[in-house]
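Asks: Submitted below is the structure of interest, expressed as structure tokens.
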Amino acid sequence: MSESLLRAAVVGVGHLGRHHARILGSMAGVSLVAVVDTNEPRAREIAGACGGRPVTDLRDVLDEVDLVSIATPTEVHAAVATACLSRGIPVLVEKPLARSVEECDAIIAAAAAGGAVLAVGHTERFNPAVMAARSAVDKPGFVEIHRMGTFPERSLDIDVVFDLMIHDLDLVLSMVGADVESLEAVGVPVITDRADIANARIRFASGCVANITASRISRERIRKIRFFQRDAYISIDCGAKEVEAYRLVRQPGSRPQIEGGRLPVEDREPLRSELEDFVAAVRDKRPPMVTGADGRRAVALAARITERMAACRAI
């Protein structure tokens, strides 16, 4: 497989899926053979721009592909992913992996049964600013995260926790590296009948506390993460792809000095890096950077937060 051309299909070519098609259609070693969408005119439009043939039913191409990227609405992730994985076809599923832990388990089981690579599209893991900051983050004591977006015409089948906050749930789980001990959360449905703005305060077994706010009704876009730890402060602007890191340098006999500033950040498109990692995992038969287990952990924490929000509203 290391020398072969991998045949790819993208399922769901709406707001995000069209970019999956664009990148896979231009990637070395990959042939985009199909663009799948129930909206036939949309499938034809994206296929015309990115390559492959337009298809409205995934079952028509399952015998012709080596990997599938899924960017459909969350409500059909499990059905589409298991249809591929059970046949041994590697899959990347956009975040969130599924609507529930039970659906995540079904997807993971299908991957295991089919012996297929399962990757989850937590694209912020591949943000070059996040990647540049990782080595500076060490046993944080407090994390402050704000993710604000303007009102979308997408992802309204899920609340803001599963739509936006889940990016940061995955990041904080992977960077704090400890179990969740307790949490408090509140969410408010402002425009839709689901929570459009939410805040979660999460305490980890390590003692770290993460305060995470997500909104999809902001007038401006903000994607900022701040880590506070012993003798250090790290600030990540995911939107601008910038990182600042400062540390306190202690020297005997003199006052502590603050050193630091901006860290170098590679200018790369996170989604391209994510898809390249997925393709490499398929080719090399290795786990992807974000596994099905990672996706399940993020969904499990998101579910706990939404349950807590519901409990608070019921009081």
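The values are calculated or read from the model by the stated rules, or taken from the named source; none is laboratory data. Values in this document were obtained by computation on a predicted structure and should not be read as measured data. When we count neighbours, we look across all protein chains shown, and the Cβ atoms used for this are built from the backbone with ideal geometry, even at glycine.
Asks: Can you report the number of residues in segment 39-54 which are in contact with an Asp or Glu (Cβ under 8 Å, 6 or more places away or on another chain) and over 11 Å from Gly25 (Cα atoms)? Spell out how you get there, then give the answer.
Replies: First pass over segment 39-54, keeping only residues in contact with an Asp or Glu (Cβ under 8 Å, 6 or more places away or on another chain): 43, 46, 54.
Then drop every residue that is not over 11 Å from Gly25 (Cα atoms), which leaves 43, 54.
Here the count works out to 2.
Asks: Got a number for residues in segment 151-189 being part of a helix (DSSP H, G or I) and hydrophobic (A, V, I, L, M, F, W, C)? Step through it out loud before you land on a result.
Replies: First pass over segment 151-189, keeping only residues part of a helix (DSSP H, G or I): 160-176.
From what is left, the residues that are hydrophobic (A, V, I, L, M, F, W, C) are 160-162, 164-166, 169, 171-173, 175-176.
So the answer is 12.
Asks: Against the condition among the polar types (S, T, N, Q), out of contact with any helix residue (DSSP H, G or I) (no Cβ under 7 Å at 6 or more places or on another chain) and closer than 25 Å to Leu169 by Cα, how does Ser254 come out, does it pass? Walk me through it before giving the result.
Replies: On the way: among the polar types (S, T, N, Q): yes; out of contact with any helix residue (DSSP H, G or I) (no Cβ under 7 Å at 6 or more places or on another chain): yes; closer than 25 Å to Leu169 by Cα: no.
Answer is no for this residue.
Asks: Any idea which of Ala34, Ala28, Ala47, Ala43 is in contact with a Ser or Thr (Cβ under 9 Å, 6 or more places away or on another chain) and in the same structural domain as Lys285 (by TED's automatic domain parsing)?
Replies: On the way: Ala34 fails: in contact with a Ser or Thr (Cβ under 9 Å, 6 or more places away or on another chain); Ala28 fails: in contact with a Ser or Thr (Cβ under 9 Å, 6 or more places away or on another chain); Ala47 fails: in contact with a Ser or Thr (Cβ under 9 Å, 6 or more places away or on another chain).
Sole residue among the options that is in contact with a Ser or Thr (Cβ under 9 Å, 6 or more places away or on another chain) and in the same structural domain as Lys285 (by TED's automatic domain parsing): Ala43.
Asks: Surrounded by 17 or more Cβ atoms within 10 Å (Cβ to Cβ) and more than 14 Å from Ala293 (Cα to Cα): does that describe His77?
Replies: Details: surrounded by 17 or more Cβ atoms within 10 Å (Cβ to Cβ): yes; more than 14 Å from Ala293 (Cα to Cα): yes.
Against the criterion (surrounded by 17 or more Cβ atoms within 10 Å (Cβ to Cβ) and more than 14 Å from Ala293 (Cα to Cα)), His77 qualifies.
Asks: Please determine whether any residue of segment 278-287 is touching a Leu at 6+ places or on another chain (Cβ under 7 Å) and acidic (Asp, Glu).
Replies: No.
Asks: Restricting to segment 24-43, name every residue that is crowded, with 22+ Cβ neighbours inside 10 Å and part of a helix (DSSP H, G or I).
Replies: Leu24, Ala43
Asks: Oh, and also: Quick one: which of Asp159, Asp105 is in contact with a Pro (Cβ under 9 Å, 6 or more places away or on another chain) and either in the same structural domain as Thr74 (by TED's automatic domain parsing) or at pLDDT below 95 (or both)?
Replies: Details: Asp105 fails: in contact with a Pro (Cβ under 9 Å, 6 or more places away or on another chain).
From the options Asp159, Asp105, the qualifying one is Asp159.
Asks: If you don't mind, there's one more thing I want to ask. Is there a residue in segment 82-92 that is part of a helix (DSSP H, G or I), farther than 25 Å from Arg226 by Cα and in contact with a Gly (Cβ under 7 Å, 6 or more places away or on another chain)? Give the steps one after another, and end with the answer.
Replies: Of the residues in segment 82-92, the ones part of a helix (DSSP H, G or I) are 82-85.
Cutting the leftovers down to farther than 25 Å from Arg226 by Cα gives us 82-85.
Going one step further and asking which of them are in contact with a Gly (Cβ under 7 Å, 6 or more places away or on another chain), we end up with 85.
There is at least one residue in segment 82-92 that is part of a helix (DSSP H, G or I), farther than 25 Å from Arg226 by Cα and in contact with a Gly (Cβ under 7 Å, 6 or more places away or on another chain).
Asks: Also: Within segment 190-238, take every residue that is surrounded by 16 or more Cβ atoms within 10 Å (Cβ to Cβ), in a loop (DSSP other than H, G, I, E, B) and among the small types (Gly, Ala, Ser) and give me the one that is modelled with the lowest pLDDT.
Replies: Ser218
Asks: In segment 272-288, which residues are of a type in the set (A, V, I, L, M) and surrounded by fewer than 18 Cβ atoms within 10 Å (Cβ to Cβ)?
Replies: Keep residues of segment 272-288 that are of a type in the set (A, V, I, L, M), which gives 275, 279-282.
Scanning segment 272-288 gives a single hit, Ala280.
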